[in-house]
């Protein structure tokens with residue numbers, strides 16, 4: 001499997017485990033809440049029934065006592081009705097309690113039901129006594145039959161209450177067991193999720209580190225390749241400049257001298273021709289003019305390749321000559337301000353500045369539609385700064401960058417300098433370079 005597939009599967013499984021934990025937790029909490037609520041409601045309902053049963057038994061005994069001890073027939077009838085209604089309520093309460101009681105209380109409930117039936121069976125004949133029977137037999141009947149039976153009923157109800165309380169404790173134990181089970185489920189699932197997430201994290205970290213090492217290796221390769229390209233470009237520029245210098249010297253020394261000799265010979269030939277041979281003399285003059293034009297073209301070509309004055313006279317004269325030539329050919333007014341530049345800058349610095357200015361003026365001539373160009377060269381202790389500014393139409397520096405600008409950047413970068421173009425539509429163009437000078441180079445320029 002690929003690393004991407006492993007990561008997708010791992011994170012998907014981890015998410016599924018987290019969802020499973022959440023679902024199980026929600027179900028367990030709902031189950032616990034439901035169980036606890038049911039246990040609590042059942043206990044309260046049964047406790048209420050027992051309280052009502054106890055109250056009914058107390059009330060029935062009081063009503064029976066009043067019935068037996070008072071001779072008023074109206075009061076006797078009222079108490080009799082109360083006792084009968086209480087008997088019905090006790091019977092109904094016992095039925096409800098039996099319906100809600102847990103299985104463990106079935107025997108105790110049956111015993112209570114049997115005693116309640118016996119109690120009210122003892123009460124039933126008394127309800128038919130007349131006033132004399134109630135007066136003569138009532139106190140003894142209450143003491144020997146009713147009160148002991150009532151006390152027994154109350155003891156049974158208390159025993160049932162104790163059983164119900166134990167049942168509540170059992171229910172709470174059940175809830176606690178559910179909590180314990182839920183806790184173990186959470187612990188196991190959390191541990192599983194943690195270990196799985198840890199393994200996935202280790203795999204991810206290892207893969208990321210491997211990718212970082214691979215990326216670093218590729219980055220170093222790119223940096224090394226870029227550095228090699230810079231070095232190659234610098235060597236190509238140096239080789240190009242050297243080839244231009246040699247070619248310029250060859251044109252000036254060899255072909256230039258040959259053309260000069262040709263002009264001398266043509267002059268000698270023209271002087272020895274007889275005056276009467278005007279046609280031939282005119283032909284010789286035409287050849288001489290053609291040779292003179294070739295000499296001018298050859299001189300301009302030699303200067304464009306490598307102006308000899310850059311090597312012979314220095315940077316400032318070469319820049320001013322270049323400005324005059326551009327002004328003469330294009331009509332643009334070019335001003336050079338380089339008076340404080342020393343004459344003995346290192347050759348590579350002079351060549352770089354000259355070529356940058358040459359390319360900038362060439363671009364201004366072809367593209368800028370400028371009327372004025374100012375070239376400023378300033379020498380400082382830390383280096384040399386050059387600024388070429390025109391008042392042309394400008395351009396978008398982020399979108400328009402030709403080979404000439406790239407060549408200028410490469411020359412400046414080779415010497416460790418900085419190159420910057422500030423331009424915009426309708427704002428003209430300003431090219432600024434800063435070339436740092438090494439200490440030994442500074443010493444040679446002082």
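The values are calculated or read from the model by the stated rules, or taken from the named source; none is laboratory data. Please read all numbers here as calculations on a predicted model, not as lab measurements. Neighbour counts are summed over all protein chains in view; Cβ atoms, including those assigned to glycine, are modelled from backbone coordinates with ideal geometry.
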Within region 347-369, can one find any residue that is farther than 18 Å from residue 422 by Cβ, in a strand (DSSP E or B) and in contact with a helix residue (DSSP H, G or I) (Cβ under 8 Å, 6 or more places away or on another chain)? no
Quick check: is even one residue across region 4-17 surrounded by fewer than 16 Cβ atoms within 10 Å (Cβ to Cβ) and within 30 Å of residue 101 (Cβ to Cβ)? no
Test residue 23 against the stated conditions and say whether it is at pLDDT 75 or above, within 27 Å of residue 181 (Cα to Cα) and part of a helix (DSSP H, G or I). yes
Scan region 308-316 and give yes if some residue there is modelled with pLDDT of 80 or more, in a helix (DSSP H, G or I) and under 60 Å from the mean Cα position of the chain (by Cα), otherwise no. yes
State which residue pairs qualify: first residue assigned by TED's automatic domain parsing to the domain that holds residue 430 and closer than 14 Å to residue 367 by Cα and inside region 393-418, second residue part of a loop (DSSP other than H, G, I, E, B) and modelled with pLDDT of 80 or more in any location, beta carbons under 6 Å apart, and separation of 6 or more residues or different chains. 393/369; 394/424; 394/425; 394/426; 394/427; 394/428
Given the conditions (1) loosely packed, with under 14 Cβ neighbours inside 10 Å; (2) at pLDDT 75 or above, every one holds for residue 63 apart from (1)
Which one of 81, 71 is at pLDDT below 75, surrounded by fewer than 17 Cβ atoms within 10 Å (Cβ to Cβ) and within 25 Å of residue 136 (Cβ to Cβ)? 71
